[in-house]
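One structure is given here, and the rest of the page talks about it.
Throughout, read-outs are computed from the coordinates displayed, never taken from laboratory work. Everything numeric here is computed off the predicted structure, so don't read it as measured data. Heads up, the Cβs are rebuilt from the backbone with ideal geometry, glycines too, and the neighbour counts pull from every protein chain shown.
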Amino acid sequence: RLYARFELAYTVVDFLAAFCFVVGSVMFFSPDWQTPATWFFVIGSLLFAAKPSLRLVREIKLYRLGDVKDLASRAEK
């Protein structure tokens, strides 16, 4: 169940990051919108950077719950 929640969060972050990049790209068509577009790119980049952090937190939580067998089987793949 914990794994599923983290996968959902990972997917939401992925979607939001992609959304920020699309919006930022469209905004770059107008010179007046280039500064906000740059911020959308920065936010999208931070969201993409959050993805490995989510995985690390998930793995630490699973380890603390004693789910080492699951972690080991995923590491072998």
Just in the stretch 14-50: which chymotrypsin sites (Phe, Trp or Tyr not before Pro) are loop by DSSP and have at most 10 other Cβ atoms within 10 Å?
F29
Stokes-Einstein D for the stretch 2-76 at 37 °C, 0.692 mPa s, Kirkwood Rh over Cα pairs, in µm²/s?
235
Have a look at I43, F15, L2 and report the one farthest towards the positive end of the charge dipole of the chain, computed about the Cα centre with Cβ charges (Lys/Arg +1, Asp/Glu -1).
L2
Given the DSSP H assignment, sum -39500 (n - 2.57) over each helix run of at least 4 residues in the chain and divide by its residue total; what's the result at 222 nm in deg cm²/dmol, nearest 500?
-30000 deg cm²/dmol
Roughly how big is the chain's charge dipole about its Cα centre, with Cβ charges of +1 (Lys, Arg) and -1 (Asp, Glu), in debye to the nearest 20?
420
